[in-house]
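Following: one structure in structure tokens, then a few remarks.
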Amino acid sequence: MNIHFLQHVPFEGLASIRGWIERGGHKVGCTRLYAGDGLPRPDSIDLLIVMGGPMGVHDVDQYPWLQAEKHFLRAVIDSGKRVLGICLGAQLIADLLGARVYPNGQKEIGWFPVTRCADASASSLGQLLPESFAAFHWHGDTFDLPPGAVHLAQSAVCRHQAYAIEDRILGLQFHLETTPESAQELIEHGADELVDGPTIQSPEQMRAEPARFAELNRLMVVLLDGLVATTSA
């Protein structure tokens, strides 16, 4: 299977997803949008993964490459490919499909519980989610559900945490790919966001209990396996 991922900043890469790709023997390509890399042909990939980043979907003036990314992502979606959007990636998909993306009431940074929605049972991907689990978060924006999306998960301060469309597009506001190493990179590059707040943890809190990352990554594998279950190799 040919997998391609879009990277918005150097410190938000595949993290644990790379191990899943390598174990599956898949081919992988990357477009580093921040470095001016070119985009592949939509018909050359089977699965597109759109990573997170500190910018917003509307920041085209500051990040002109967002416009080219949106055109590419739209073409990939329209061609019927599988797509996984994480954090900013989920917001970009929602925006392209006509949903509103806007600041959340408060930022979520660190480990906070996510619960599966009742509607999730209508999606084969939603059925893979536990009833509740601790997820790693780093976001200040949120989105409305795109038309046709199944609402999969929510948290106490962010109603729309995950959605699926036709079980081939998966949007996750939270991060299941995070490892101790990638969390440390976020902490180092996003230190200015770590202010006092009810849903903003300290670096010490985020780094505590390393075993949580392994559990998180196992759920990422489950969802990736489900997403590509009907994709030709």
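The values are calculated or read from the model by the stated rules, or taken from the named source; none is laboratory data. As the structure is a prediction and not an experimental result, all values here were calculated from the model. In this analysis, Cβ positions are derived from the backbone assuming ideal geometry, glycine residues included, and neighbour counts consider all displayed protein chains.
For this structure, a couple of remarks:
- PRO64, sole failed condition from (1) surrounded by fewer than 17 Cβ atoms within 10 Å (Cβ to Cβ); (2) farther than 22 Å from ALA35 by Cβ; (3) of a type outside the set (Phe, Trp, Tyr): (2)
- Yes/no for GLN91 being part of a helix (DSSP H, G or I), out of contact with any strand residue (DSSP E or B) (no Cβ under 6 Å at 6 or more places or on another chain) and modelled with pLDDT of 95 or more: no
- Qualifying residues in the stretch 67-88 (those that are β-branched (Val, Ile, Thr) and assigned to a helix (DSSP H, G or I)) - the one surrounded by the most Cβ atoms within 10 Å (Cβ to Cβ): VAL76
- Looking only at the stretch 151-186, residues that are among the hydrophobic types (A, V, I, L, M, F, W, C) and surrounded by fewer than 20 Cβ atoms within 10 Å (Cβ to Cβ) come to 2 in all.
- Residue match in the stretch 25-48 (condition: small (Gly, Ala, Ser) and either modelled with pLDDT under 95 or crowded, with 17+ Cβ neighbours inside 10 Å (or both)): no
- Only one of the numbered conditions (1) crowded, with 20+ Cβ neighbours inside 10 Å; (2) in a strand (DSSP E or B) is violated by PRO103, and that is (1).
- Meets criteria (in contact with a His (Cβ under 7 Å, 6 or more places away or on another chain), under 22 Å from THR178 (Cβ atoms) and not basic (Lys, Arg)) for MET1: no
- Beta carbons closer than 7 Å, at least 6 apart along the sequence or on distinct chains, pair a first residue in the stretch 211-233 that is closer than 12 Å to ALA15 by Cβ with a second that is surrounded by fewer than 17 Cβ atoms within 10 Å (Cβ to Cβ) and at pLDDT 95 or above for PHE213/PRO180.
- For the stretch 189-227, the tally of residues that are surrounded by 15 or more Cβ atoms within 10 Å (Cβ to Cβ) and at pLDDT below 95 stands at 0.
- Residue list for the stretch 180-229, restricted to those being of a type in the set (S, T, N, Q) and over 25 Å from PHE143 (Cα atoms): GLN184, SER202, GLN205
- Given (1) touching a helix residue (DSSP H, G or I) at 6+ places or on another chain (Cβ under 7 Å); (2) farther than 23 Å from VAL221 by Cα; (3) in contact (Cβ under 8 Å) with a residue 12 or more places away in the chain, index of the condition TRP20 fails: (2)
- Per-region count, the stretch 111-142, residues touching a His at 6+ places or on another chain (Cβ under 8 Å) and either buried (at least 22 other Cβ atoms within 10 Å of the Cβ) or farther than 15 Å from THR178 by Cα (or both): 8
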